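Let me begin by presenting the structure, written as structure tokens, before commenting on it.
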Amino acid sequence: MQVPDDLKYSESHEWIRSDAGIGTVGITDYAQDSLGDIVFLELPQAGASFQQGETIGVVESVKTVSDILAPVGGEITEVNSALQTSPELVNKDPYGSGWLFRIRLVNSDEIASLLSSSDYRARIEK
Amino acid sequence: MTEFGGWKMPVYYSSIVEEHRAVRNQVGIFDISHMGQIEVSGPAVKGWLNRILSNNVDRLTIGQGQYTFMLNDRGGVIDDLIVYRRHDHQFFLVVNAANIEEDFVWMQKSLSEGVTLLDCSSLFAAIAIQGPRSAELMADFGELPARNHIRDLKIAECSTMIARTGYTGEDGFELFFPAGLGPFVWNRLLDLGKALGVRPCGLGSRDTLRIEACYPLNGSDLSQDRTPLEAGLSSFVDLEKGEFIGREALWVQKKAGVKQRLSALKAIVKSPPFRPHYSLLSGGGRIGELTSGTQSPTLGVGIGLGYLDADFARPGQKVEIEIRGRKYGANVEKKPLYKKAT
């Protein structure tokens, strides 16, 4: 199970890469593996605002529906439009081309409250 | 792995979509050992089976099988099953895993003179081989039966049975054999099928395949409160054959006309996958709900089965399906949703 060290993780299996106040968010390798073939995503609109932990979208595989939660609060700046036609990118490349959306953080302290790669790895190996 | 009818079974081995495509394009194998097998025999067996099952076993030649229902006295479905005529007075029933005990107890309660029942479910393992190349995979196993027929087969010196039937809409077989041989036969099939591209397939693809073929699932599309007439399966009910459990109720329903009918639905816009219990709407009013649903790997859109009010249960009818508060357009389609190009 891939758990890149340069990312932060939420308890609900989202990852975030933060760069100058903008976070790129996706779901983890563990999450895509548990879901199976992803066939549909409901993603937020650019400009929408969310609080940390709020339901921000939905990811659906053939067998199940799962909520996507905002790992940090902020405003959506960009959404990965490639996923409309190729939702399987999330399975194939969850940390790269399978990114879900970008969010402008309102509170950089929220990043610190997330799990490190080693904490997240411990969580999924339990 | 997941729990299904009291058994631990794989949802998939590699991926639902990959396994689904393997069955549509080459061949896949399913472990169906969870299913039940009941042997019924005796001098009075034919008449008795015709009293407890909806279809007419008098039509069966030796080696032939038919799809049929065990009905309650309201005409509702206790189980759907296949009954094979093995010999003059010996029949072999293949029933759903979740219903084995219920079916057997119910049959025992209705038992009469000259009929013997044997629940041999735990003696048999079973594997389904499904796909256009399944006959090629089975080529080494001797003469193969015709569709809906069953014949004896020897595997590793053991007596087994092979039936030509399936739950996927493809050509295929179901193999019934002594439980101890399970892993041996499974591995043998994977070996023999390597060059054909055989895949082991789990419950996930079993569901997507059967929904594309519009085969009902007992417990979802069929239940004790739904009759075969409402499910559009009246061709497996012989109302003319004489008395059987549920006949009276079905006659009444046939005369009055069904209020709802099981229909096939297909998304006409991009939508999330269809799932059981999503509401079906027309003109803002609720006209039914899905009983089965998925994203079709073959068609790439949401598909499902659901009971619609009779007025709307016509191919070509446009309806709306409500998914998480939003409405998406869908069409009522002719069954099956997927048909093999000939």
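The values are calculated or read from the model by the stated rules, or taken from the named source; none is laboratory data. This structure is a prediction, so every number in the text was calculated from the model and none was measured. Here the Cβ positions follow ideal geometry from the backbone for every residue, glycine too, while neighbour counts run over all protein chains shown.
With respect to B:S263, determine if the residue is more than 13 Å from chain A (Cβ to nearest Cβ) and under 16 Å from B:K327 (Cα atoms).
Values: more than 13 Å from chain A (Cβ to nearest Cβ): yes; under 16 Å from B:K327 (Cα atoms): no.
Judged against the criteria, B:S263 is not a match.
Please indicate, with yes or no, whether at least one residue in segment B:181-202 is within 14 Å of chain A (Cβ to nearest Cβ) and either part of a helix (DSSP H, G or I) or closer than 16 Å to B:L337 by Cβ (or both). There is no residue in segment B:181-202 that is within 14 Å of chain A (Cβ to nearest Cβ) and either part of a helix (DSSP H, G or I) or closer than 16 Å to B:L337 by Cβ (or both). Tallying residues that are assigned to a loop (DSSP other than H, G, I, E, B), under 13 Å from the mean Cα position of the chain (by Cα) and closer than 19 Å to A:T55 by Cβ within segment A:74-119 yields 4.
Against the condition touching a residue at least 60 places away in the same chain (Cβ under 8 Å) and either in contact with a His (Cβ under 9 Å, 6 or more places away or on another chain) or loosely packed, with under 13 Cβ neighbours inside 10 Å (or both), how does B:A126 come out, does it pass? Walk me through it before giving the result.
On the way: touching a residue at least 60 places away in the same chain (Cβ under 8 Å): yes; either in contact with a His (Cβ under 9 Å, 6 or more places away or on another chain) or loosely packed, with under 13 Cβ neighbours inside 10 Å (or both): yes.
Considered against the rule, which asks whether it is touching a residue at least 60 places away in the same chain (Cβ under 8 Å) and either in contact with a His (Cβ under 9 Å, 6 or more places away or on another chain) or loosely packed, with under 13 Cβ neighbours inside 10 Å (or both), B:A126 comes out as yes.
The residue that is nearest to B:A126 (Cα to Cα), counting only those in segment B:182-199 that are crowded, with 19+ Cβ neighbours inside 10 Å and in contact with a strand residue (DSSP E or B) (Cβ under 7 Å, 6 or more places away or on another chain), is B:V185.
Scanning for something without any contact (Cβ under 8 Å) to a residue 60 or more places away in the chain, touching a helix residue (DSSP H, G or I) at 6+ places or on another chain (Cβ under 7 Å) and of a type in the set (K, R), does segment B:198-221 turn up at least one residue? No, segment B:198-221 has no match at all.
Mind checking which residues of segment B:264-284 are modelled with pLDDT of 95 or more and either surrounded by fewer than 21 Cβ atoms within 10 Å (Cβ to Cβ) or in the same structural domain as B:G204 (by TED's automatic domain parsing) (or both)? Answer for segment B:264-284, where residues must be modelled with pLDDT of 95 or more and either surrounded by fewer than 21 Cβ atoms within 10 Å (Cβ to Cβ) or in the same structural domain as B:G204 (by TED's automatic domain parsing) (or both): B:K266, B:I268, B:R275, B:P276, B:H277, B:S279, B:L281, B:S282. Pairing residues of segment B:7-21 that are touching a residue at least 12 places away in the same chain (Cβ under 8 Å) and in the same structural domain as B:G300 (by TED's automatic domain parsing) with residues that are buried (at least 18 other Cβ atoms within 10 Å of the Cβ) and assigned to a loop (DSSP other than H, G, I, E, B), at Cβ distances under 8 Å and at least 6 apart in sequence or on separate chains, gives no pairs at all. For B:S110, the criteria (1) within 15 Å of the chain's Cα centre (by Cα); (2) under 27 Å from B:E240 (Cβ atoms); (3) surrounded by fewer than 22 Cβ atoms within 10 Å (Cβ to Cβ) hold in every case but one, which is (1).
Considering only residues of segment B:23-44 that are touching a helix residue (DSSP H, G or I) at 6+ places or on another chain (Cβ under 8 Å) and either charged (D, E, K, R) or within 14 Å of chain A (Cβ to nearest Cβ) (or both), which is surrounded by the most Cβ atoms within 10 Å (Cβ to Cβ)? Only one residue tops the list, namely B:R24. Going by the conditions given, is A:F50 in contact (Cβ under 8 Å) with a residue 60 or more places away in the chain, surrounded by 19 or more Cβ atoms within 10 Å (Cβ to Cβ), in contact with a strand residue (DSSP E or B) (Cβ under 8 Å, 6 or more places away or on another chain) and away from every other protein chain (no Cβ under 14 Å)? No.
Based on what the data block shows, is B:R247 at pLDDT 95 or above and under 30 Å from B:T294 (Cβ atoms)? So that I can check it myself, show each step before the final result.
On the way: at pLDDT 95 or above: yes; under 30 Å from B:T294 (Cβ atoms): no.
Judged against the criteria, B:R247 is not a match.
Considering A:V39, A:V25, the condition of being crowded, with 19+ Cβ neighbours inside 10 Å, within 14 Å of another protein chain (Cβ to nearest Cβ) and not in a loop (DSSP other than H, G, I, E, B) is satisfied by A:V39 alone. The strands (runs of 3 or more DSSP E) found entirely in segment B:1-53 that carry 3 or more residues being in contact with a Pro (Cβ under 9 Å, 6 or more places away or on another chain) are B:28-31. Being at pLDDT 95 or above and of a type in the set (A, V, I, L, M, F, W, C): is that true of B:L181 here? In short, no. If you go through segment A:57-85, how many residues are hydrophobic (A, V, I, L, M, F, W, C) and within 14 Å of chain B (Cβ to nearest Cβ)? Of the residues in segment A:57-85, 6 are hydrophobic (A, V, I, L, M, F, W, C) and within 14 Å of chain B (Cβ to nearest Cβ). Of all residues in segment B:268-314, those satisfying the criterion of being in a loop (DSSP other than H, G, I, E, B), hydrophobic (A, V, I, L, M, F, W, C) and more than 13 Å from chain A (Cβ to nearest Cβ) are B:I268, B:A313. Could you check, for segment B:67-88, whether at least one of its residues is more than 17 Å from B:F176 (Cβ to Cβ), touching a Gly at 6+ places or on another chain (Cβ under 6 Å) and in a strand (DSSP E or B)? Within segment B:67-88 (the criterion being more than 17 Å from B:F176 (Cβ to Cβ), touching a Gly at 6+ places or on another chain (Cβ under 6 Å) and in a strand (DSSP E or B)), the answer is yes, since at least one residue qualifies.
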